[in-house]
There are 4 protein chains.
Amino acid sequence: MKEPSAKAVINHMLKNDRFSAWLGIEVIEMSLGSCKISMTVRDEMMNGFNIAHGGIAFSFADSALAVASNGYNKLSVALETSMSFTSPVKSGDTLTADATEISLTNKIGVYHILITKQGGVTVGSFKGTVYRTSKTLLKP
Amino acid sequence: MKEPSAKAVINHMLKNDRFSAWLGIEVIEMSLGSCKISMTVRDEMMNGFNIAHGGIAFSFADSALAVASNGYNKLSVALETSMSFTSPVKSGDTLTADATEISLTNKIGVYHILITKQGGVTVGSFKGTVYRTSKTLLKP
Amino acid sequence: MKEPSAKAVINHMLKNDRFSAWLGIEVIEMSLGSCKISMTVRDEMMNGFNIAHGGIAFSFADSALAVASNGYNKLSVALETSMSFTSPVKSGDTLTADATEISLTNKIGVYHILITKQGGVTVGSFKGTVYRTSKTLLKP
Amino acid sequence: MKEPSAKAVINHMLKNDRFSAWLGIEVIEMSLGSCKISMTVRDEMMNGFNIAHGGIAFSFADSALAVASNGYNKLSVALETSMSFTSPVKSGDTLTADATEISLTNKIGVYHILITKQGGVTVGSFKGTVYRTSKTLLKP
């Protein structure tokens, strides 16, 4: 029996991820510990100031964290996250998240995720720490 | 002419907040610098592990940040946020957010928000920093 | 054999903590999961703007995190910390840190620590997450 | 009259920074918005577990934040910082901090700083947000 690929694990995880589906997330690239994903911002994601609710860019980054950290087939859950908001996001904007692994030990992974919009403007910087459980996502 | 009340300002803000409406947020209490809000978690908010996507509790806390910080009628936007996830959230759970002001200067406000579910179990701890612009939300 | 008290565990830990000694930290109160500590800021702690270096208030909060989280006699190390700086600190100021436990599971503890100076002015708000190892600090 | 160089501004700032001097910080490289600095960890920086107190790596990163953000000759102070601790630091270790600017607006700058020890092992990941005042450090 061989280990399932990161791609198989993440496809299995995303198939059941209803909120990431609501966000409209697409995976552009992924490998163990990193990914690039995208989404397009819609009217129903706006806050009371007619810019995207902060929860939208955060949720998008949090999905990138799940994609980057779970490819090892070791169920990983966010313990700690922080996000800097650097530029407003509007309806129609296309967001891209680039996730990079900063550290990985048996129990803990740390990831940095940069969120940009079209034109390459940074809209947010996210740091996330996951706890790596001993459960698998797909049976080997 | 007199200043609009915090309640009038926040009602105006929330009236246009489509994503908070999608979340199903209700304001239980609010005054200048603090609030208590609630929401009920739904199936479409689940992630690939059948627990609530981290973005849901974060978005809920971020709405509490907007309610607590904007009652002064000084448009305030999140600069920095951090969230600790301490217990999983499931579909059907009722969440409550309690926001407290930790510091307020002319330009910057800092808030601590505790998220609990039914039974008083803490599911998250959120810290948010807002930049206070010179724009009003409602004309005096 | 009985478990050592939180006080005995923390006294043992602090006896060897050379940097907390350099800071001049005194424990005012402590129990399982919480503490109040104080220190006085000195000239050699200033940065290039003649206010206390940000590392001073952070280090002070980080010591409070160690005191609050290690009393269970389960060696606990910081995984994640965040700090908001809300008011400048000067030489001669007396700082107080109040640590509160927000969540505690077998492996993870989350603490909120408020830093004030004389007059009760908040100078910082700190959130820290520790990983609880299976090592003891004192033999039972 | 011409603007002072970033190097002149930072040298002026560090000349008065007593706590960075206590840490033993040396600037290896610096330009507007970025820097690389180093320091060697000493016995008096240890905590009660005989590893470096968390405040040491944080303080080191916070000095890197000051060096990277103040070269514009616009006095900048930390509002918000977060730090992930990924590997223990011991006495004798040589630390290097690499600071990168993630976003810069008129009032706010966001920086990511990676802390490594000899051998390139990551010991911490720091994110810092500064408020950019209208004061200068050196007269033009």
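Here, each number is a calculation from the coordinates, and none is a lab measurement. Here the structure is a predicted model, which is why all the values come from computation and not from measurement. Note: ideal-geometry Cβ built from the backbone for every residue, glycine included; neighbour counts use all protein chains shown.
Mind checking whether some residue in the stretch B:48-56 is touching a residue at least 12 places away in the same chain (Cβ under 8 Å), surrounded by fewer than 21 Cβ atoms within 10 Å (Cβ to Cβ) and farther than 30 Å from A:Met13 by Cβ?
For the stretch B:48-56, residues touching a residue at least 12 places away in the same chain (Cβ under 8 Å), surrounded by fewer than 21 Cβ atoms within 10 Å (Cβ to Cβ) and farther than 30 Å from A:Met13 by Cβ: absent.
I'd like to verify a number: residues in the stretch A:45-97 that are among the β-branched types (Val, Ile, Thr) and closer than 17 Å to A:Asn16 by Cα, how many?
Qualifying residue count for the region: 2.
Within the stretch B:120-140, how many residues turn out to be touching a His at 6+ places or on another chain (Cβ under 9 Å), within 9 Å of another protein chain (Cβ to nearest Cβ) and over 18 Å from A:Phe85 (Cβ atoms)?
So the count comes out to 2.
Can you tell me how many residues within the stretch D:59-89 are out of contact with any strand residue (DSSP E or B) (no Cβ under 7 Å at 6 or more places or on another chain) and not aromatic (Phe, Trp, Tyr)?
Going through the stretch D:59-89 one residue at a time, the tally reaches 5.
Quick one: would you say D:Phe19 is among the hydrophobic types (A, V, I, L, M, F, W, C), surrounded by fewer than 20 Cβ atoms within 10 Å (Cβ to Cβ) and more than 30 Å from A:Ile115 (Cβ to Cβ)?
For D:Phe19, the condition - among the hydrophobic types (A, V, I, L, M, F, W, C), surrounded by fewer than 20 Cβ atoms within 10 Å (Cβ to Cβ) and more than 30 Å from A:Ile115 (Cβ to Cβ) - is not met.
Do we have D:Val89 as farther than 30 Å from A:Asn106 by Cα, touching a residue at least 12 places away in the same chain (Cβ under 8 Å) and either buried (at least 19 other Cβ atoms within 10 Å of the Cβ) or in contact with a Lys or Arg (Cβ under 7 Å, 6 or more places away or on another chain) (or both) here? Before you say what the answer is, go through the steps one by one.
Values: farther than 30 Å from A:Asn106 by Cα: no; touching a residue at least 12 places away in the same chain (Cβ under 8 Å): yes; either buried (at least 19 other Cβ atoms within 10 Å of the Cβ) or in contact with a Lys or Arg (Cβ under 7 Å, 6 or more places away or on another chain) (or both): yes.
No.
Mind checking which residues of the stretch B:117-127 are of a type in the set (Ser, Thr, Tyr) and either buried (at least 19 other Cβ atoms within 10 Å of the Cβ) or in contact with a helix residue (DSSP H, G or I) (Cβ under 7 Å, 6 or more places away or on another chain) (or both)?
If we filter the stretch B:117-127 for residues that are of a type in the set (Ser, Thr, Tyr), which is where we start, we get B:122, B:125.
Scanning the stretch B:117-127 gives a single hit, B:Ser125.
Tell me, yes or no, whether the stretch A:98-106 has at least one residue that is crowded, with 23+ Cβ neighbours inside 10 Å and in contact with a Phe, Trp or Tyr (Cβ under 9 Å, 6 or more places away or on another chain). So that I can check it myself, show each step before the final result.
Taking the stretch A:98-106 and keeping what is crowded, with 23+ Cβ neighbours inside 10 Å, we get A:99.
Filter once more, so that each one left must be in contact with a Phe, Trp or Tyr (Cβ under 9 Å, 6 or more places away or on another chain): A:99.
Checking the stretch A:98-106: at least one residue is crowded, with 23+ Cβ neighbours inside 10 Å and in contact with a Phe, Trp or Tyr (Cβ under 9 Å, 6 or more places away or on another chain).
Among strands (runs of 3 or more DSSP E) lying entirely in the stretch C:1-119, which contain 1 or more residues that are in contact with a Cys (Cβ under 7 Å, 6 or more places away or on another chain) and either within 12 Å of chain D (Cβ to nearest Cβ) or of a type in the set (A, V, I, L, M) (or both)?
Those strands (runs of 3 or more DSSP E) span C:26-31, C:94-104.
Name every residue in the stretch A:58-77 that is hydrophobic (A, V, I, L, M, F, W, C) and surrounded by fewer than 22 Cβ atoms within 10 Å (Cβ to Cβ), in order of residue number.
Taking the stretch A:58-77 and keeping what is hydrophobic (A, V, I, L, M, F, W, C), we get A:58, A:60-61, A:64-68, A:75, A:77.
Hits for the stretch A:58-77 are A:Leu75, A:Val77.
If you check A:Thr116 against the conditions, is it farther than 30 Å from D:Pro88 by Cβ, touching a strand residue (DSSP E or B) at 6+ places or on another chain (Cβ under 7 Å), touching a residue at least 24 places away in the same chain (Cβ under 8 Å) and hydroxyl-bearing (Ser, Thr, Tyr)?
Spelling it out, it is not the case that A:Thr116 is farther than 30 Å from D:Pro88 by Cβ, touching a strand residue (DSSP E or B) at 6+ places or on another chain (Cβ under 7 Å), touching a residue at least 24 places away in the same chain (Cβ under 8 Å) and hydroxyl-bearing (Ser, Thr, Tyr).
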